[in-house]
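Taken together, the values in this text are just the output of simple stated rules run on the coordinates, not laboratory data. These numbers come from a predicted model, not from an experiment. All Cβ positions, glycine included, derive from the backbone under ideal geometry; neighbour counts span all protein chains shown.
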Amino acid sequence: MHHQTSYSSAPRPTFVVLCGSTRYWDQLAEANLYETAAGRIVFAPGCNLKQLHPLWADPVQADRLKTVLDDLHLRKIDLADEVLVVVNVRLSSPSPRSPRAVPPFLRSASTALRHPQG
């Protein structure tokens, strides 16, 4: 069975990717809610490795998954029109691997960077 999708005549929605530490999972979920309600398509973290789950209970599995998630996040940024920085993310940090840091590639990305305050 072939299903044909019909879209409204409205312009293409903005694609926004949420960037922030999964330590603030609730704030990321809240940002996702507000961005979606504002008519934006949201790319958000899909896994919270800080919460226990069988998929990443084994340290080897967790390391492999972390690599996959990091790559997916970069690809989401490539697809997004905007990056929304959510809670405790700084634009500069001595350690680009810090969960509180925005990586250098993002600071020079062509995607718009904004904070929840506007």
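Count neighbours as other Cβ atoms within 10 Å of each site's Cβ, and list the trypsin sites (Lys or Arg not before Pro) in region 1-79 that are DSSP loop with at most 13 such neighbours.
Working: sites: ARG23, ARG40, LYS50, ARG64, LYS66, ARG75, LYS76; in loops: ARG40, LYS50.
Answer by residue number: LYS50.
So how much slack lies between GLN61 and LEU74, counting 0.36 nm per residue of separation and subtracting their Cα-Cα distance, in nm? List each step's numbers first, then the result.
Values: separation 13, 0.36 × 13 = 4.68 nm, distance 2.02 nm.
Here the segment from GLN61 to LEU74 would lengthen by 2.7 nm.
Computed from label points 7 Å out along Cα-Cβ, the spacing between LEU52 and ALA10 is 4.2 nm.
With a/c under 1.5 counting as rounded, go ahead and sort region 2-58 into rounded, prolate or oblate using the C-alpha gyration tensor (a ≥ b ≥ c being the square roots of the eigenvalues; past the cut-off, prolate if a/b is larger than b/c, else oblate).
On the way: a/c = 3.73, a/b = 1.79, b/c = 2.08.
It comes out oblate by the Cα gyration axes.
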